[in-house]
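Working notes, structure below.
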Amino acid sequence: MPKACNGKADAEVKSLIVTAVQSEKSRLTTVLDDSNLSAMVTETQERLRSSIDADGDAWRAEIPGKPIFRIFCGKAKLTEGRLKSLYINNAEKLSANPFQDAIDIFQSFSTMEREGV
């Protein structure tokens, strides 16, 4: 619904809606122009590729982890909760515990509490 419709007559509301639709059509035509669309796709591909190729965690901001995880769960025919449980149970058995940082943080909280900090 366009802004400022309250208290308007039917004809005025209709005119506001038609104007809003025309504005959106114009915006979409500009955005979906072949050259603009091609440039956006190229830029996105380059950004994703460079975030993956670079050392560091920049790719995490670019790659949609949750949808990929859901797709993986579907392919593995496992619920998300079940797959997370399997991961945690197996990770705890590894010599290099991937949860060690979190464990250390919570243990430091426990120590601070006992020491009255």
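Bear in mind these aren't lab numbers, they're just calculated from the coordinates by the rules spelled out. Owing to the predicted nature of the structure, the values given are computational and were not obtained by experimental measurement. For neighbour counting, all protein chains shown are included, and Cβ atoms are generated from backbone atoms with ideal geometry for every residue, glycine included.
Using a cutoff of 8 angstrom between alpha carbon atoms and counting only pairs six or more residues apart, the relative contact order for the chain works out to 8 percent. The computed P(r) over Cα pairs in 5 Å bins from 0, in percent for the structure shown corresponds, within (i) 2, 8, 11, 12, 12, 13, 14, 12, 9, 4, 2, 1, 0; (ii) 2, 8, 8, 7, 10, 11, 10, 9, 8, 8, 7, 6, 4, 2, 0; (iii) 2, 10, 15, 15, 10, 8, 8, 7, 8, 7, 6, 4, 1, to (ii). Would any residue of segment 83-101 have its amide N under 19 Å from a label point 7 Å out along Cα→Cβ of Lys66? List them or say none. Those under the cut-off are 83-85. Farthest toward the dipole's positive end in the chain, which of Pro2, Val13, Thr111, given Cβ charges of +1 (Lys, Arg) and -1 (Asp, Glu) about the Cα centre? Farthest towards the positive pole: Val13.
Ellipticity at 222 nm from helices only: DSSP H runs of n ≥ 4 in the chain, each -39500 (n - 2.57), divided by the residue count, give -24000 deg cm²/dmol.
Where the only charges are on Cβ atoms (+1 Lys, Arg; -1 Asp, Glu), what is the dipole of segment 11-84 about its Cα centre, to the nearest 20 debye?
Once rounded to the nearest 20, the dipole reads 640 debye.
Bridging of Lys66 to lysines at a Cα separation below 21 Å is possible for Lys75, Lys77, Lys84, once same-chain residues fewer than 8 apart are set aside.
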